[in-house]
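A short worksheet on the structure shown next.
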Amino acid sequence: MTREDRELRELRELRESRPDYGGRYDGDRYDSDRYDSDRYDVVIVGGGPAGLSAALMLGRARRSVLVIDAGEPRNAPAAHMHGFLSRDGAPPGDLLAAGRREVAAYGVEVRAGRARSAVRDGGLFAVTDDAGRTVRARRLLLTTGFTDELPDVPGLARRWGRDVLHCPYCHGWEVRDAPIGVLATGPMGVHQALLFRQWTDRLTLLLHTGPHPTDEESEQLAARGIAVVPGEVTGLEITDDRLTGVRLGTGEVLPLQALTVAPRAVPGATTAALLDSLGLAPTEHPSGMGSHLAAGPAGLTDVPGVWAAGNAADLTANVLGSAASGSAAAGAINADLVAEDTRRAVRARKDPFSAASEARVCELVAGDRRHGL
């Protein structure tokens, strides 16, 4: 048996004989929170595609992970998701259920609730949920909390995700060649109309509360055969639980089978309180699509130890993109933890009173005779 093997064996025996030893370096890996039920390597706020993807990566990296999830995914109103290779057309809930099963296989804990606050507690984050439970984490990943603020048109919210749509890549195929209206509420109305023109030539831009197109935009709309209708939309026409048109302020009804809108992403009240407790402020997206958390390529925010992924960081990410961003953030978080573990291991090795140092001194002084003294 080599010296390193003997040292590791003794340290493991010491850990087994002392229940309070769980937070020390054992010569092999840093078991920071494994032996404390309210402490985790990573707490993930949000159990959607981004959060579960990150949890899967971190669980496979042998990290202790808690996912706090309110069970209200942003795409819940949609019956099916699209553009996700091998899962095209599947209900969003099926993906989340499969994800929960997969992360559980790696020891990840998923807990129902909302994270209301997160504050620094020494070298950890103390995260408190709406039930008053507090857990501590070395790192924090935010993947949820932004909701869609819809235009204030009577009846519109009830059709959201059905025949009131937003993303052409998510729903354009299902309404191809149908008469579609684009409800303009901001400067992106023309862009959205030109984009949906790829799926139908029966398209109308409803100016509603949006700005009037510039001369250049008007030329583009005319060249693509997109009709422009001024005036506000005051309601929807529904027949047999299907959208059949929109009602204008003049009383005129314009026949349509789908209406596209540009919702604004805004943090809910609980999320706003959580971000405030962390000192994180959402910033306005340049497109006018709402607010988001500014983050680096792998999701690191301005607050050390806090990452963001999914729509919290990228308002345009679809389900597949959100999952990918969660995976990228998980890799960065694990690398950050590895660096911290290594620094701690080096300090422990140099500490003259650490268990590792004591074992080395014992080896040098007593050798194989130490157990017989």
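The values are calculated or read from the model by the stated rules, or taken from the named source; none is laboratory data. All values derive from a computational prediction rather than experimental measurement. Neighbour counts are summed over all protein chains in view; Cβ atoms, including those assigned to glycine, are modelled from backbone coordinates with ideal geometry. Just the protein is used for accessible areas: all its heavy atoms, side chains included, with ligands, DNA and RNA removed. Shrake-Rupley method; radii C 1.70, N 1.55, O 1.52, S 1.80 Å.
Tabulated results
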read-out: Restricting the range 38-50 to residues that are in contact with an Asp or Glu (Cβ under 7 Å, 6 or more places away or on another chain) and either among the hydroxyl-bearing types (Ser, Thr, Tyr) or outside any loop (DSSP other than H, G, I, E, B) (or both), the residue that is farthest from Ala76 (Cα to Cα); value: Arg39
read-out: Single condition Gly186 does not satisfy, out of (1) closer than 17 Å to Ala265 by Cβ; (2) assigned to a loop (DSSP other than H, G, I, E, B); (3) at pLDDT 95 or above; value: (3)
read-out: Single residue of Leu275, Leu254 found to be open to solvent by less than 40 Å² (accessible area, probe 1.4 Å) and over 35 Å from the mean Cα position of the chain (by Cα); value: Leu254
read-out: Selection within the range 181-207 - open to solvent by 30 Å² or more (accessible area, probe 1.4 Å) and not hydroxyl-bearing (Ser, Thr, Tyr); value: Pro187, Met188, His191, Leu194, Leu195, Arg197, Gln198, Trp199, Asp201, Arg202
read-out: Pairs, first among the polar types (S, T, N, Q) in the range 207-231, second assigned to a helix (DSSP H, G or I) and open to solvent by 30 Å² or more (accessible area, probe 1.4 Å), C-beta under 9 Å, six or more apart; value: Gln220/Leu194
read-out: In the range 145-178, the residues that are touching a helix residue (DSSP H, G or I) at 6+ places or on another chain (Cβ under 7 Å) and crowded, with 19+ Cβ neighbours inside 10 Å; value: Gly145, Phe146, Leu165, Pro168, Gly172
read-out: Matching option when the condition is touching a residue at least 12 places away in the same chain (Cβ under 8 Å), closer than 28 Å to Gly59 by Cα, open to solvent by 10 Å² or more (accessible area, probe 1.4 Å) and within 13 Å of the chain's Cα centre (by Cα), among Ala298, Ala332, Ala345; value: Ala298
read-out: Any chance Ala281 is open to solvent by less than 50 Å² (accessible area, probe 1.4 Å), assigned by the TED database to the domain that holds Thr316 and either over 19 Å from Val153 (Cα atoms) or touching a residue at least 40 places away in the same chain (Cβ under 8 Å) (or both); value: no
read-out: Scan of the range 103-119 for residues that are of a type outside the set (Asp, Glu) and either at positive phi or surrounded by 14 or more Cβ atoms within 10 Å (Cβ to Cβ) (or both), ordered by number; value: Val103, Tyr106, Gly107, Val108, Val110, Arg111, Gly113, Arg114, Ala115, Arg116, Ser117, Ala118
read-out: Criterion: touching a Pro at 6+ places or on another chain (Cβ under 9 Å), open to solvent by 40 Å² or more (accessible area, probe 1.4 Å) and closer than 24 Å to Arg197 by Cβ - qualifying residue of Thr244, Thr234; value: Thr244
read-out: Selection within the range 158-203 - under 15 Å from Asp148 (Cα atoms) and of a type in the set (A, V, I, L, M); value: Val164, Leu165
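Residues checked against (1) touching a His at 6+ places or on another chain (Cβ under 8 Å); (2) surrounded by fewer than 21 Cβ atoms within 10 Å (Cβ to Cβ); (3) at pLDDT 90 or above:
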{"site": "Leu56", "(1), (2), (3)": "no, no, yes"}
{"site": "Val67", "(1), (2), (3)": "no, no, yes"}
{"site": "Ala70", "(1), (2), (3)": "no, yes, yes"}
{"site": "Ala76", "(1), (2), (3)": "no, yes, no"}
{"site": "Pro92", "(1), (2), (3)": "yes, no, yes"}
{"site": "Arg101", "(1), (2), (3)": "no, yes, yes"}
